[in-house]
Amino acid sequence: MPLKFITEHRAVSFLDPFREFARTDLTIEVRHDPLTGDTARVLSFRARPLELIDHQVFIDRSQERPCPFCPGNLERMTTRYLPEDLPEGRLTRGGATLFPNAFPYEAMNAVLVLTPEHYLRPEEFTPELLANALLLAAEGFRHLAKGLNYASVNWNYMMPAGAGLVHPHFQLAAGQKPTRFQAELLRRARAHARKAGGADLAADYLEATRLGKARWLGKLGPLGWCTPFAPRAIYDVLGLAPAGKGLLDLKPAQVEKVAQGIARVLGFFAAEKVGAFNMALFTGLQPDGEQPLLLRLVSRVDIPPMGIDEINYFEKLHDEMITFLPPEESAQRLRATWKA
Ligand SMILES: [Zn+2]
């Protein structure tokens with residue numbers, strides 16, 4: 001069933017003091033995303049190139065006290081699982097380590113330190129490093145999230161995106177109940193299947209985006225990549241798989257493709273001077289196959305020249321987004337570096 005990508009337009013006029021009070025007519029786009037139910041307003045007339053966020057101040061501050069995730073400290077400064085839950089205390093793979101979150105917010109809640117390196121720039125996260133971390137995340141869910149279904153692998157990169165430590169780390173969460181976003185995604189997928197004779201929402205969204213071309217990036221292993229119709233940030237990139245496959249169903253070669261996609265987005269972020277971002281990979285853990293596998297990376301930038309946070313009352317209190325870059329344009333820029 002064809003999905004509805006709805007855009008409403010609002011016309012606004014005023015006299016512009018910077019053009020001798022000439023009449024200025026502007027159009028605001030209000031977009032409704034058929035996958036997520038998100039509403040976003042695209043104000044392309046506000047777009048300005050970004051200034052690079054300087055990480056040095058965070059790195060300096062992080063060196064004032066021992067980093068619990070650095071080699072030598074990790075062993076004695078991070079939590080361990082109860083012996084009955086995981087006799088070895090922590091899970092390790094490659095250079096990555098997984099242990100319980102000391103500040104938990106969900107039934108299964110783990111921290112995954114990606115690398116012994118204290119600091120990496122966005123473009124320094126290699127597909128190998130990211131794949132290793134995602135494979136360890138899958139192993140963590142297998143061992144420690146028994147009976148739970150609603151899982152996510154989350155990432156705050158650097159302090160403006162909510163990271164508590166500079167040292168690169170994911171946060172894994174799995175619960176019996178979905179978060180509000182997961183519940184809404186599932187509700188919409190079920191409603192679509194009901195209306196469209198069992199059709200798959202994620203598959204239809206990917207197909208419509210691929211045919212529309214403007215927001216499509218390409219398929220890479222299990223995920224189709226695009227920018228969402230209604231973005232949640234100035235830069236918002238989505239990897240999506242039709243329902244039926246979760247993170248735990250992916251073979252290592254498929255996880256490597258997912259990691260490759262993430263690394264490409266991070267390279268793009270670096271090129272666009274996005275110095276802070278959030279990532280979430282949403283996945284079901286049970287073989288019911290209802291939840292689409294959805295991976296999303298969003299920028300967390302300051303808008304020059306005043307360094308204004310891109311999140312304001314609109315995002316925080318109205319549950320809507322304002323963006324200054326049409327997702328068609330960010331896709332076009334990203335396609336230039338997106339190798340097949
Ligand atoms: Zn460290």
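The values are calculated or read from the model by the stated rules, or taken from the named source; none is laboratory data. Treat the numbers as computed from the prediction; the structure is a model and nothing was measured. Reconstructed Cβ throughout: ideal geometry from the backbone, glycine too, with neighbour counts over all protein chains shown.
Looking only at segment 35-66, which residues are part of a loop (DSSP other than H, G, I, E, B) and over 24 Å from the mean Cα position of the chain (by Cα)? Can you show your working first?
Just the residues of segment 35-66 that are part of a loop (DSSP other than H, G, I, E, B), to begin with: 35-38, 43, 47-55, 63-66.
The answer is GLN63, GLU64, ARG65, PRO66.
Give just the number: which of (1) farther than 24 Å from VAL298 by Cβ; (2) surrounded by 15 or more Cβ atoms within 10 Å (Cβ to Cβ); (3) away from the ligand (no atom under 16 Å from the Cβ) does GLY147 not satisfy?
Exception for GLY147: condition (2).
I need the full set of residues from segment 228-259 which are outside any loop (DSSP other than H, G, I, E, B), among the small types (Gly, Ala, Ser) and under 18 Å from the mean Cα position of the chain (by Cα), in order please. Write out each step before concluding.
At the first step, the residues of segment 228-259 found to be outside any loop (DSSP other than H, G, I, E, B) are 236-241, 247-249, 252-259.
Next, from what is left, pick out any that are among the small types (Gly, Ala, Ser): 239, 241, 253, 259.
Once the filter is applied, which keeps residues that are outside any loop (DSSP other than H, G, I, E, B), among the small types (Gly, Ala, Ser) and under 18 Å from the mean Cα position of the chain (by Cα), segment 228-259 yields GLY239, ALA241, ALA259.
Considering only segment 121-171, state which residues are hydroxyl-bearing (Ser, Thr, Tyr), closer than 20 Å to PHE69 by Cα and over 15 Å from the mean Cα position of the chain (by Cα).
THR126
Tell me, which residue of segment 105-118 that is under 20 Å from the mean Cα position of the chain (by Cα) and in a loop (DSSP other than H, G, I, E, B) is nearest to the ligand (Cβ to nearest atom)?
Taking the candidates together, the pick is THR115.
Answer yes or no: is there a residue in segment 97-104 that is within 16 Å of the ligand (Cβ to nearest atom), modelled with pLDDT of 95 or more, out of contact with any Leu (no Cβ under 7 Å at 6 or more places or on another chain) and assigned to a loop (DSSP other than H, G, I, E, B).
Yes, segment 97-104 has at least one match.
Would you be able to tell me the number of residues in segment 197-213 that are more than 15 Å from PRO292 (Cβ to Cβ) and either among the aliphatic types (A, V, I, L, M) or within 21 Å of the chain's Cα centre (by Cα) (or both)?
Going through segment 197-213, the residues more than 15 Å from PRO292 (Cβ to Cβ) turn out to be 197, 210-213.
Subset that is either among the aliphatic types (A, V, I, L, M) or within 21 Å of the chain's Cα centre (by Cα) (or both): 210-211.
Going through segment 197-213 one residue at a time, the tally reaches 2.
State all residues of segment 214-227 that are under 12 Å from LEU35 (Cβ atoms) and more than 16 Å from the chain's Cα centre (by Cα); if no residue qualifies, say none.
ARG215 - this is the single residue of segment 214-227 that is under 12 Å from LEU35 (Cβ atoms) and more than 16 Å from the chain's Cα centre (by Cα).
Looking at LEU98, LEU43, which one is aliphatic (A, V, I, L, M) and either in contact with a Pro (Cβ under 8 Å, 6 or more places away or on another chain) or crowded, with 19+ Cβ neighbours inside 10 Å (or both)?
LEU98
Among residues belonging to segment 92-119 that are among the small types (Gly, Ala, Ser) and free of Cβ contacts under 8 Å to residues at least 40 places away in the same chain, point out the one that is farthest from LEU172 (Cα to Cα).
GLY95
Got a sec? Which strands (runs of 3 or more DSSP E) wholly within segment 266-340 have at least 2 residues that are aliphatic (A, V, I, L, M) and within 23 Å of PRO168 (Cα to Cα)?
277-284, 293-299
Among the residues of segment 123-144, how many are surrounded by fewer than 23 Cβ atoms within 10 Å (Cβ to Cβ), farther than 13 Å from THR283 by Cα, out of contact with any Ser or Thr (no Cβ under 9 Å at 6 or more places or on another chain) and not aliphatic (A, V, I, L, M)?
7
From the residues in segment 158-192 that are closer than 24 Å to ALA131 by Cα and of a type outside the set (A, V, I, L, M, F, W, C), which one is farthest from the ligand (Cβ to nearest atom)?
GLN182
Residues checked against (1) under 23 Å from ARG121 (Cα atoms); (2) more than 16 Å from the ligand (Cβ to nearest atom); (3) exposed (fewer than 13 other Cβ atoms within 10 Å of the Cβ):
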{"site": "HIS55", "(1), (2), (3)": "yes, no, no"}
{"site": "PHE58", "(1), (2), (3)": "yes, no, no"}
{"site": "SER62", "(1), (2), (3)": "yes, no, no"}
{"site": "ARG65", "(1), (2), (3)": "yes, no, yes"}
{"site": "PRO68", "(1), (2), (3)": "yes, no, no"}
{"site": "GLY72", "(1), (2), (3)": "yes, no, yes"}
{"site": "ARG76", "(1), (2), (3)": "no, no, yes"}
{"site": "GLY89", "(1), (2), (3)": "no, yes, no"}
{"site": "GLY94", "(1), (2), (3)": "yes, yes, no"}
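Could you grab the pairs with beta carbons closer than 7 Å, sequence gap of 6+ or different chains, first residue in segment 183-211 and part of a loop (DSSP other than H, G, I, E, B), second one exposed (fewer than 14 other Cβ atoms within 10 Å of the Cβ)?
Sorted first by the residue in segment 183-211, then by its partner, the pairs are ALA196/MET1; ALA199/MET1.
Please determine, by comparing only the residues of segment 313-339 that are touching a strand residue (DSSP E or B) at 6+ places or on another chain (Cβ under 9 Å) and of a type in the set (Ser, Thr, Tyr), which one is modelled with the lowest pLDDT.
Among residues in segment 313-339 that are touching a strand residue (DSSP E or B) at 6+ places or on another chain (Cβ under 9 Å) and of a type in the set (Ser, Thr, Tyr), the one modelled with the lowest pLDDT is THR323.
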